[in-house]
1. Can you give me the long-range amide H partners of ARG220? Hydrogens built in the peptide plane at 1.01 Å from N, cutoff under 5 Å, separation of 5 or more residues or another chain.
2. Take peptides 32-38, 161-167 and line them up by average Cβ neighbours within 10 Å, highest first, as a rough protection proxy.
3. When Lys and Arg each count +1 and Asp and Glu each count -1, what net charge do the other residues less than 11 Å away from ASN147, Cβ to Cβ, add up to?
4. Note down the net charge around GLU128, summing +1 for each Lys or Arg and -1 for each Asp or Glu among other residues with Cβ under 13 Å from its Cβ.
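Throughout, read-outs are computed from the coordinates displayed, never taken from laboratory work. From a predicted model like this one, the values you see are computed outputs, not experimental measurements. Cβ coordinates were reconstructed from backbone atoms using ideal geometry, including for glycine residues, and neighbour counts include every protein chain displayed.
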Amino acid sequence: MLAPELLERLALLQDPWQHHAPTLAAPWLLPLHGVHEWVLGGPIDQPPMQAFLDMVAAACGRRAALADHASHGNDTSRDHHAAASCVAWVGHAVMPSAVIMHRRGMDLRHHVQVPGARTPAERLWAFEEAARSGRCVAIVVDASGWNAAMVRRAQLASSWHPDRAPILALAWRPQHEATVRSVCTTRWLVQPVHDSTGAPPCPVDPTHPADPAWRIQAVRDRRGTLEHSSPGGILHEPGRSARAMPWSIAS
């Protein structure tokens, strides 16, 4: 079995297109290449679903713009980009409810959910099949239990090159896997903060403290560019009377 350090070095050598991959629109600016891991470092060990939905919506919007461009011209080189229209959600832990997606105006006919992928190996297989199908614009996967070799396989399946449609690949890991070695393109940490944005108190009970919040922090970038272009922000969990869903991105 190859040592994890060797896997990381091979990952750097075998991705010649990583610096040329297209990127997601602002404010995220994530490369549509490889796997982007999110690790929770707070007391609520749940994926940042609203952040995932925002990024998926941005990826779908980019795909729609490419499809519109292709329909108004004869540029057949974009046909495979326009054909990718599906979003895959792999693993029960990362699946948003149909109600949340409907409220955000998402077309549920273009979202495929795979709740039956329960083991790490099953979720990896489903991820690879979705990434190589040529039909997915984004994939969100529960990557809990993946080792470095499994992430490397996911990285290869979702890597971009000019002859294939770019894929936004988001992977969630529980907080106890924050130190697990990985060869992902980027890794993000979501940590608790103490009312750093001056959020107002609960409208029902003014004496109640402000809603808890979590800070997004980039902790790994194989391309070395997140220091200059990474999104910064605070994730808020709405209060007891809020109608918004948890983990909404603060403006």
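1. For ARG220, the qualifying residues are ARG187.
2. The densest-packed peptide leads the list: 32-38, 161-167.
3. Result for the neighbourhood of ASN147: +2.
4. The answer is +2.
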